[in-house]
Number of protein chains: 2
Amino acid sequence: MEKVIQIALLGAGTVGSGVVKVLEMNRRQITERVGAPIQLKTVLVRTLGKARPELASYQVTDKIEDILNDEEIDVVVELMGGIHPAREYMLRAMEAGKSVVTANKDVVAQFGKDMFDMAERQDVDFLFEASVGGGIPIITPLKQCLTANKVTEIMGIVNGTTNYMLTKMTECGSDYNTVLKEAQEKGYAEANPSADVDGLDAARKAAILASLAFNTRVELKDVSVEGITKITPADIDYAKNLGYVIKLLAVGKDSPEHGVDVRVHPVFLPEDHPLASVNGVFNAIFVRGNAIGEAMFYGQGAGSLPTASAVVSDIIDVSRDILHHTFGRVRCTCYEKKKLCPLKETESSYYVRLLVDDKPGVLGFVATAFGDAGVSLKSVIQTQRNIIEHAEIVAITHMVRHEQMEQALDVLNGLPVVDEIRSVIRVEKERG
Amino acid sequence: MEKVIQIALLGAGTVGSGVVKVLEMNRRQITERVGAPIQLKTVLVRTLGKARPELASYQVTDKIEDILNDEEIDVVVELMGGIHPAREYMLRAMEAGKSVVTANKDVVAQFGKDMFDMAERQDVDFLFEASVGGGIPIITPLKQCLTANKVTEIMGIVNGTTNYMLTKMTECGSDYNTVLKEAQEKGYAEANPSADVDGLDAARKAAILASLAFNTRVELKDVSVEGITKITPADIDYAKNLGYVIKLLAVGKDSPEHGVDVRVHPVFLPEDHPLASVNGVFNAIFVRGNAIGEAMFYGQGAGSLPTASAVVSDIIDVSRDILHHTFGRVRCTCYEKKKLCPLKETESSYYVRLLVDDKPGVLGFVATAFGDAGVSLKSVIQTQRNIIEHAEIVAITHMVRHEQMEQALDVLNGLPVVDEIRSVIRVEKERG
Ligand SMILES: NC(=O)c1ccc[n+]([C@@H]2O[C@H](COP(=O)([O-])OP(=O)(O)OC[C@H]3O[C@@H](n4cnc5c(N)ncnc54)[C@H](OP(=O)(O)O)[C@@H]3O)[C@@H](O)[C@H]2O)c1
Ligand SMILES: NC(=O)c1ccc[n+]([C@@H]2O[C@H](COP(=O)([O-])OP(=O)(O)OC[C@H]3O[C@@H](n4cnc5c(N)ncnc54)[C@H](OP(=O)(O)O)[C@@H]3O)[C@@H](O)[C@H]2O)c1
């Protein structure tokens, strides 16, 4: 008799219901590509009472045991989110000999190693393509298509909410609070937007990407994080005039001198950089490797069907492994313990915006202060933006260590002519 | 004893020498990722006499039998190019039980099915990631990461030479012959540039992409092809003013009504389309699927190391299959026989540029002629570009069947006020 791959879903929210839909609408193609039908058998929900017409053809339960103890179920697809109880359920599913597919960045970023270890011990799959970049294929490319490379750099726009907000600020000149409200009204931002706007969501994804790209364990706590809450229309405007756009990036670098450096923060990105034209809720991940040079992966980073595209493609991958008994073909090799680069040792150039007294000689004074602190400037301009008796100075520095930059800012802060340090944003250097 | 994966290269030109270099410079990572070392054993060359210092550590031969009869060799990597004798060598290698990796778009586009059939019969791998888009992962994503989707559209900038030329024409306003000469001087175009500028290279890649994306056999002969030789600075200029850029695209569409429609030709692309900012020698492939929505894969479409990145990643994939005895896990399923859409039934909107007599009423006359031929216009403008007693009319049509467009052009050609039909270029409709 022909094998049927039986699966169970944990959670039927935005992504879960997308998975149900994709399995149904593309049933024929999927069966053909796998070589066997994939059958959704059971769905775990929190509250049994809710009307769920889309689940009418499947068993619905609120007891995880109904799934873990069901020997027919080959694959458990976790789409509940959060650490508890998702983490335990996935571990228990693998203990029961089932492969696991998940979209859960929280668990992968914090407990990825436990998951990979369990998968290896139990000889099952643990796949998580949807945890970064929604539908965009990036995990499989890193594990497979780019394996010939030593990856030296990875930069991603991996949070749709903040990218939507920055795009709107750039296009309409609106301020942070206005675009946040608009994003909330459109359902792009949560009522409590902190995980997005403070950069935590992007930091989880940065940890996952860096671990895979650099073959080393990078966890959430290793990522230095800064959000977009301090970005003002004035910064957006200066960026534009200087030939840049402001994006919130997840950045990972690996070099023999500095080690592995992973962070999330806004950057000035040259407007001809491939990531610069990634707008609205779209995501993209840019990778630099020592063979491929530059590559970029672009698409919808969230949403029911796009995310389900990645989840179902993972389910298909597991199904192929089940049919061909080929578990363990591609293992995570992120077990090296590379040195992490402390934030203070990271290097960048910076955009600095200062409010200063509007009197002769201030520009020279400030430029000298930078120089004395060992920070050399690429450009410095003084403007007056409707400010009584004050002016603004905008400087772009050459590459400088973070530590040294902080010292320079301390010095500037102490200058009587400097009234306020208004913004300090990293600048991604010109390509070339 | 630990297994060593032994490989042979056929050809050590641009890509072959890149493969040697990547295997050497990333040896440690590659061994770790595969779980066993990959050892280059033998290299086939045409002329034994040439000095080849980079091959000093390997056996060099001019006899294919030295490779085919060597039982230690697990993988044959074909990087000679062309149909003969590459095709026979690959078939014979698979007959001898060896897996094959190739970058050869000619063979895959024309004899792909023979190759896949042989691989299946012999239970070996036949991988060809580098045949489209150089280093860009696109074949594996189509076979694996996007398998949950019904792909409805694929559009690619897959020829670096022509993209470089069109980019230069757009940036500098130079004409076709000037940029061709420049591309030849820089080594981006061959002395005989026909395969690139006439669209044949792109057509091969279009056939490969469409076969994989739509699960059906599309061969080179099924692709309708038009190159960039007729593109003028005037067209580039009009495009710019109307909010478009001109790109040479490989286009594939699959719909229940029209069947599979595969072609290569220049298009007017809206300037905010993700492909519009892919400039110079970069390539990118845009995919639309019924779950993922839009996705795009971007990178270097040619060059020694980028192409070697794809070849070596395929070698790693084969090596994993060898170690885990997992051949046949992902088979090509492009065996459906879908209806092909004849060119005359394809639908597009068009940009049409006409030289007309400069007298009152001509614009109305021409617009009426379009209407009478059943072609409705989205916009029409009349200009005078330093032409004595003549003017130019530029029209953008709504969607129309190719057949009907040809009829309309016949009618226009017969109008006494129309002196010349200067350009007819398809317009990719605004994103919606
Ligand atoms: N949404 C996206 O675009 C997107 C993109 C990429 C990745 N992801 C990830 O995908 C996962 C799911 O996200 P989502 O947007 O689909 O979330 P969601 O809409 O909130 O759905 C979560 C579902 O899980 C169920 N659930 C939660 N806790 C449960 C428990 N203890 N037992 C049983 N069921 C439980 C909920 O049931 P009730 O309905 O009964 O509360 C709900 O149906 C998360 O890890 C998220 O980070 C989402
Ligand atoms: N170059 C790129 O950027 C690129 C990108 C993507 C795909 N590709 C594909 O990769 C393949 C190789 O391209 P390439 O640019 O590396 O070509 P290439 O530089 O011309 O190298 C071809 C090599 O194959 C050898 N060769 C040819 N016929 C042979 C025969 N009968 N027996 C033994 N050796 C033979 C040649 O040897 P001699 O030196 O002795 O003549 C030469 O070293 C082609 O299929 C091409 O389409 C190339």
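Numbers below:
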{"item": "Tally, over region A:382-412, of residues that are in contact with a strand residue (DSSP E or B) (Cβ under 6 Å, 6 or more places away or on another chain), open to solvent by 10 Å² or more (accessible area, probe 1.4 Å) and of a type outside the set (A, V, I, L, M, F, W, C)", "result": "7"}
{"item": "Filter result for the condition that a residue is hydrophobic (A, V, I, L, M, F, W, C) and within 16 Å of ligand 2 (Cβ to nearest atom), over B:VAL15, B:VAL4, B:VAL34", "result": "B:VAL15"}
{"item": "Pair list, Cβ under 9 Å, 6 or more apart: region B:194-209 residue among the polar types (S, T, N, Q), other residue in a helix (DSSP H, G or I) and open to solvent by 10 Å² or more (accessible area, probe 1.4 Å)", "result": "B:SER194/B:LEU200"}
{"item": "Residue in region B:267-280 that is within 16 Å of ligand 2 (Cβ to nearest atom) and not polar (S, T, N, Q) present", "result": "yes"}
{"item": "Near pairs, Cβ below 7 angstrom, 6+ apart or cross-chain, from region B:122-136 (in contact (Cβ under 8 Å) with a residue 24 or more places away in the chain) to any residue that is in a loop (DSSP other than H, G, I, E, B) and within 16 Å of ligand 1 (Cβ to nearest atom)", "result": "none"}
{"item": "Lone qualifier among B:GLU78, B:GLU72 - being over 24 Å from the mean Cα position of the chain (by Cα) and not assigned by TED's automatic domain parsing to the domain that holds B:ILE292", "result": "B:GLU72"}
{"item": "Condition broken by B:ILE231, with the remaining ones in (1) more than 29 Å from A:SER313 (Cα to Cα); (2) in the same structural domain as B:VAL76 (by TED's automatic domain parsing) satisfied", "result": "(2)"}
{"item": "Selected residue (criterion: nearest to B:GLU129 (Cα to Cα)) from residues of region B:228-248 that are open to solvent by less than 50 Å² (accessible area, probe 1.4 Å) and of a type in the set (A, V, I, L, M)", "result": "B:LEU248"}
{"item": "Pairs where the first residue, in region A:80-105, is open to solvent by less than 20 Å² (accessible area, probe 1.4 Å) and the second is of a type in the set (D, E, K, R) and assigned to a helix (DSSP H, G or I), C-beta under 7 Å, 6+ apart", "result": "A:VAL101/A:ASP314"}
{"item": "Within region A:275-294, tally of residues that are within 17 Å of the chain's Cα centre (by Cα) and under 28 Å from B:VAL311 (Cα atoms)", "result": "7"}
{"item": "Lone qualifier among B:THR152, B:THR178, B:THR140 - being in contact with a Cys (Cβ under 7 Å, 6 or more places away or on another chain) and open to solvent by 10 Å² or more (accessible area, probe 1.4 Å)", "result": "B:THR140"}
{"item": "Qualifying residues in region B:197-227 (those that are open to solvent by 20 Å² or more (accessible area, probe 1.4 Å) and of a type outside the set (A, V, I, L, M, F, W, C)) - the one nearest to B:LEU249 (Cα to Cα)", "result": "B:GLU226"}
{"item": "Condition met for A:LYS3 (under 15 Å from A:ILE73 (Cα atoms), modelled with pLDDT under 95 and not in a strand (DSSP E or B))", "result": "yes"}
{"item": "Per-region count, region B:37-51, residues at pLDDT 90 or above and either within 14 Å of ligand 2 (Cβ to nearest atom) or of a type in the set (S, T, N, Q) (or both)", "result": "8"}
{"item": "Flag if B:ASP106 is more than 15 Å from ligand 2 (Cβ to nearest atom) and either modelled with pLDDT of 95 or more or more than 21 Å from the chain's Cα centre (by Cα) (or both)", "result": "no"}
{"item": "Among residues of region B:12-33, those that are more than 8 Å from chain A (Cβ to nearest Cβ) and open to solvent by less than 10 Å² (accessible area, probe 1.4 Å), counted", "result": "3"}
{"item": "B:LEU354 at pLDDT 95 or above and more than 28 Å from the chain's Cα centre (by Cα)", "result": "yes"}
{"item": "Some residue of region B:134-141 being more than 19 Å from B:ARG204 (Cα to Cα) and touching a Leu at 6+ places or on another chain (Cβ under 8 Å)", "result": "no"}
{"item": "Residue that is least open to solvent (accessible area, probe 1.4 Å) [pool: residues in region A:284-321 that are more than 8 Å from every other protein chain (Cβ to nearest Cβ) and of a type in the set (D, E, K, R)]", "result": "A:ASP314"}
{"item": "Selection status of B:PRO256, free of Cβ contacts under 8 Å to residues at least 12 places away in the same chain and within 14 Å of another protein chain (Cβ to nearest Cβ)", "result": "yes"}
{"item": "Condition check for A:LYS143: of a type in the set (Lys, Arg) and not assigned by TED's automatic domain parsing to the domain that holds A:HIS265", "result": "no"}
{"item": "1 or more residues among the polar types (S, T, N, Q), closer than 30 Å to A:VAL15 by Cβ and touching a Ser or Thr at 6+ places or on another chain (Cβ under 9 Å): qualifying strands (runs of 3 or more DSSP E) within region B:240-342", "result": "B:244-255"}
{"item": "Hits in region B:210-230 - residues which are closer than 18 Å to B:LEU127 by Cα, of a type in the set (Gly, Ala, Ser) and in contact (Cβ under 8 Å) with a residue 60 or more places away in the chain", "result": "B:SER211, B:ALA213"}
{"item": "Positions within region B:141-178 being assigned to a strand (DSSP E or B) and among the β-branched types (Val, Ile, Thr), in sequence order", "result": "B:VAL151, B:THR152, B:ILE154, B:ILE157"}
{"item": "Criterion: more than 11 Å from every other protein chain (Cβ to nearest Cβ), away from ligand 1 (no atom under 16 Å from the Cβ), crowded, with 24+ Cβ neighbours inside 10 Å and in contact (Cβ under 8 Å) with a residue 60 or more places away in the chain - qualifying residue of A:LEU340, A:LEU354", "result": "A:LEU354"}
{"item": "Residue, nearest to the chain's Cα centre (by Cα), within region B:109-122, restricted to residues that are over 19 Å from B:SER313 (Cβ atoms) and more than 16 Å from ligand 2 (Cβ to nearest atom)", "result": "B:LYS113"}
{"item": "Selection count where residues are under 22 Å from A:ILE136 (Cα atoms), in contact with a strand residue (DSSP E or B) (Cβ under 7 Å, 6 or more places away or on another chain) and more than 9 Å from every other protein chain (Cβ to nearest Cβ), scope region B:139-167", "result": "8"}
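Residue-by-condition table, conditions (1) on the phi > 0 side of the Ramachandran plot; (2) not aliphatic (A, V, I, L, M):
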site	(1), (2)
A:ALA295	no, no
A:LEU305	no, no
A:VAL330	no, no
A:LEU340	no, no
A:PHE365	no, yes
A:GLY374	yes, yes
A:ARG385	no, yes
A:VAL394	no, no
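Per-residue answers, yes or no, for (1) within 12 Å of ligand 2 (Cβ to nearest atom); (2) more than 14 Å from chain A (Cβ to nearest Cβ); (3) at pLDDT below 95:
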residue	(1), (2), (3)
B:GLU54	yes, yes, yes
B:GLN59	no, yes, no
B:ASP66	yes, yes, no
B:ILE73	no, yes, no
B:THR102	yes, yes, no
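The values are calculated or read from the model by the stated rules, or taken from the named source; none is laboratory data. The structure presented is a predicted model; accordingly, all values stated were derived computationally and were not measured. Because the Cβ atoms are built from the backbone with ideal geometry, glycine has one as well, and the counts that use them run over all protein chains shown. Each accessible area value is taken on the protein alone, full model and side chains, heavy atoms only, with ligands, DNA and RNA left out. Shrake-Rupley method; radii C 1.70, N 1.55, O 1.52, S 1.80 Å.
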